Amino acid sequence: QVQQADSGGGLVQAGDSLRLSCAASERTVSPYVMGWCRQAPGKEREFVATINWRTGFTYYADFVKGRFTISRDIAKHTVYLQMNSLKPEDTAVYYCAAYIRGSVYDSSSYDSWGQGTQVTVSS
């Protein structure tokens, strides 16, 4: 069982920025695609962004395009999610996970979830 450690969440105001980090084992990230998903209270978990560990190619949900950026540091085995121009509707628990199969845009395509980090955006 591989584990991811998510961190970087917090309480911010609308328009602020946060950077989430996900420290993963080398066995997790190579040769995986790593992604971020989120779950707001009372809602289904949804895909946010993902990155191909080898190529660096990225995919984003439409609602974060232009605001969020996913990246990885190969040497540190860490995936980042830079979140800018945060909105109250971005409030959720954010999880990183490893892609296993299926559509990269589907949160059910991921496994080996981190413990999650809470992001709260006030208006």
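Couple of notes before you dig in:
- Residue ranges of strands (runs of 3 or more DSSP E) in region 13-123 with at least 1 members surrounded by fewer than 13 Cβ atoms within 10 Å (Cβ to Cβ) and within 12 Å of the chain's Cα centre (by Cα): 117-122
- Where a residue in region 60-88 is in contact (Cβ under 8 Å) with a residue 60 or more places away in the chain and its partner, wherever it lies, is open to solvent by 70 Å² or more (accessible area, probe 1.4 Å) and part of a loop (DSSP other than H, G, I, E, B), with Cβ under 8 Å and at least six apart: 88/123
The values are calculated or read from the model by the stated rules, or taken from the named source; none is laboratory data. Given the structure is predicted, the values throughout are model-derived calculations rather than measurements. Backbone-built Cβ (ideal geometry, glycine too); neighbour counts: all protein chains shown. The accessibility values were calculated without ligands, DNA or RNA, using every heavy atom of the protein model including side chains. Shrake-Rupley method; radii C 1.70, N 1.55, O 1.52, S 1.80 Å.
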